[in-house]
Amino acid sequence: MGHSELGLERIVRIEPPEQHFTLLRNEDGDYLGSEDGDRLQLYNYVDDKAVWNRSASDTFRHPATGTHLDIDRNGNGHLLSHKGAEIGVDGNPSEELATYTAHHGPALMPSDYLATFKENGWVCLASVLSPDIVDELERVSCCGRWSDRVYDRETPLLNQTNAVARASVEPVSLWLIRQYLSTEEIRLAHSPGLAVLTPDDGKRDVQGWHSDFPYLWGITRKRGDDQRIPKGMSGHISMGVQRNICVSEFTRENGATCFKLGTHVLNSGPPEEWGTGSIYAQRGHRASHGLPYDGPEADIIEAPSGSIILYDARTWHRAGVNRTDQRRAAILEAMTPSFLMPFGDTSMPYKQFMKGPIVDQLLKRDQTAFAELMVHKVIGPGGMGAITVDKELTELFQA
């Protein structure tokens, strides 16, 4: 392989956590938690109220309030009691037995992640996805121990494994995005997509510096319009968060995303001398001019597999260069407030997903959460309607 030499970027290394909190879910997938430690209740999101610690004495301890739950095993789940009373399916004391299951949770309290996100414009939830989800994502991306597998280009990605939807509804990262964007109504701006970076040959075209949707600064679009939200006019409230799901471990060697961290506060795109997306979109530009800027003013976040990196969409960044001999995989998701027009159509992938076998493999709560992310809605005189692409009207404009 003719890999190019490593750059001089600053490395920000996120180490694998030594332990994780636990999420307790009922049979529908709702999250058990407490606001005051006295009364338990169910939540459809995860903040500090819904994380638990498993102790050696067969109890779950609630770090936010100090209360604890006693455990009785019940097959693959747990029968729980609080202050001597058995916990029912709705989180209240009940004589009717209810089974709760323990799920892989975050390494830090959600409020700690949020403080970092708001201060820096990015945060990494290290290894927040469970190992079984990571393994399934590696399988469909043909990476890691599945590298000898042939990628399935016929079956829609969402219908190949439930791991894509499960990763997309990871609850802590969704709560963080809602808090950062200051709205409960967030949507995927395009359907989740695999980004598999193959070994570099030293010549192939690469991605230049840019800001992500809905800004798209540094990327030339039709009619010369290189931005949806004009530079300098977005103010202090962000209109988008990018969500990079690290299927493979992210390292400088295998092409981890390259950033200029902190640039979200500038409200402007990257300079042309760094090599913007519009410049490097020209066929053969890399072969004749070399790589975009990769010096010490740039940053690379190295993170273990199963991590989710969130960053303000205004942040300057570009794809890395894979200088190894193994493929590196990620799932890229653009998250925006629901009032913005999406970047791509999510209606057709979602309809295919609903017709396939995967949706029934998800917990009820995860089905609802994924629908909220994928289905864009409008309210009119006739009530709520789902937004989709009008094929007939599209053909008129394509003529």
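Being within 16 Å of residue 249 (Cα to Cα) and either modelled with pLDDT under 95 or surrounded by 19 or more Cβ atoms within 10 Å (Cβ to Cβ) (or both): is that true of residue 158 here? Against the criterion (within 16 Å of residue 249 (Cα to Cα) and either modelled with pLDDT under 95 or surrounded by 19 or more Cβ atoms within 10 Å (Cβ to Cβ) (or both)), residue 158 does not qualify.
Being under 19 Å from residue 332 (Cα atoms), of a type in the set (Ser, Thr, Tyr) and at pLDDT below 95 holds for only one residue in 305, 238, and it is 238. Of all the numbered requirements in (1) closer than 30 Å to residue 9 by Cβ; (2) assigned to a helix (DSSP H, G or I); (3) basic (Lys, Arg), residue 204 misses one, and that requirement is (2).
Number of residues in region 256-269 that are farther than 21 Å from residue 8 by Cβ, surrounded by fewer than 18 Cβ atoms within 10 Å (Cβ to Cβ) and touching a residue at least 60 places away in the same chain (Cβ under 8 Å): the value is 1. Any residue in region 192-204 that is among the hydroxyl-bearing types (Ser, Thr, Tyr) sitting within a Cβ distance under 8 Å of a residue that is part of a loop (DSSP other than H, G, I, E, B)? List the pairs, counting only those 6 or more apart or interchain. Listed pairs, sorted by first residue: 198/322; 198/327. Take region 116-155 and flag every residue that is closer than 21 Å to residue 254 by Cβ, among the charged types (D, E, K, R) and either touching a Phe, Trp or Tyr at 6+ places or on another chain (Cβ under 9 Å) or outside any loop (DSSP other than H, G, I, E, B) (or both). Those that are closer than 21 Å to residue 254 by Cβ, among the charged types (D, E, K, R) and either touching a Phe, Trp or Tyr at 6+ places or on another chain (Cβ under 9 Å) or outside any loop (DSSP other than H, G, I, E, B) (or both): 135, 136, 138, 139, 145.
Quick one: which residue in 302, 272, 249, 253 is farther than 23 Å from residue 193 by Cβ and in contact (Cβ under 8 Å) with a residue 12 or more places away in the chain?
253
Conditions: (1) over 23 Å from residue 329 (Cβ atoms); (2) in contact with a Phe, Trp or Tyr (Cβ under 9 Å, 6 or more places away or on another chain); (3) surrounded by fewer than 17 Cβ atoms within 10 Å (Cβ to Cβ). Residue 182 meets all but one. Number of the miss? With (1) over 23 Å from residue 329 (Cβ atoms); (2) in contact with a Phe, Trp or Tyr (Cβ under 9 Å, 6 or more places away or on another chain); (3) surrounded by fewer than 17 Cβ atoms within 10 Å (Cβ to Cβ) applied to residue 182, the lone miss is (2).
Those residues that are in a loop (DSSP other than H, G, I, E, B) and buried (at least 16 other Cβ atoms within 10 Å of the Cβ), I need them from region 75-89; list them, please. Reasoning before the result, please.
Initially, region 75-89 is screened for residues in a loop (DSSP other than H, G, I, E, B), giving 75-76, 83-84, 88-89.
Hits for region 75-89 are 88, 89.
Tell me, please, whether a residue that is touching a strand residue (DSSP E or B) at 6+ places or on another chain (Cβ under 6 Å), farther than 30 Å from residue 325 by Cα and surrounded by fewer than 15 Cβ atoms within 10 Å (Cβ to Cβ) can be found in region 5-17. No: zero hits. Looking across region 100-119 at every residue that is farther than 19 Å from residue 18 by Cβ and among the aromatic types (Phe, Trp, Tyr), the one that is surrounded by the fewest Cβ atoms within 10 Å (Cβ to Cβ) is identified as 117. Working only within region 90-115, note down all residues that are out of contact with any His (no Cβ under 8 Å at 6 or more places or on another chain) and either more than 20 Å from residue 35 (Cα to Cα) or assigned to a strand (DSSP E or B) (or both). 95, 96, 97, 98, 103 - these are the residues of region 90-115 that are out of contact with any His (no Cβ under 8 Å at 6 or more places or on another chain) and either more than 20 Å from residue 35 (Cα to Cα) or assigned to a strand (DSSP E or B) (or both). Close Cβ contacts (under 7 Å, 6 or more residues apart or on different chains) running from residues in region 366-393 that are basic (Lys, Arg) to residues that are surrounded by 10 or more Cβ atoms within 10 Å (Cβ to Cβ) and in a loop (DSSP other than H, G, I, E, B) comprise 377/387.
Within the option set 37, 7, being touching an Asp or Glu at 6+ places or on another chain (Cβ under 9 Å), part of a loop (DSSP other than H, G, I, E, B) and touching a residue at least 24 places away in the same chain (Cβ under 8 Å) holds for one residue only, 7. Candidates in region 40-53 are the residues that are surrounded by 18 or more Cβ atoms within 10 Å (Cβ to Cβ) and assigned to a strand (DSSP E or B); of these, the one that is nearest to the chain's Cα centre (by Cα) is 43.
The values are calculated or read from the model by the stated rules, or taken from the named source; none is laboratory data. Here the structure is a predicted model, which means the values were calculated and not measured. Cβ sites come from the backbone with ideal geometry, for glycine too, and all protein chains shown count toward neighbours.
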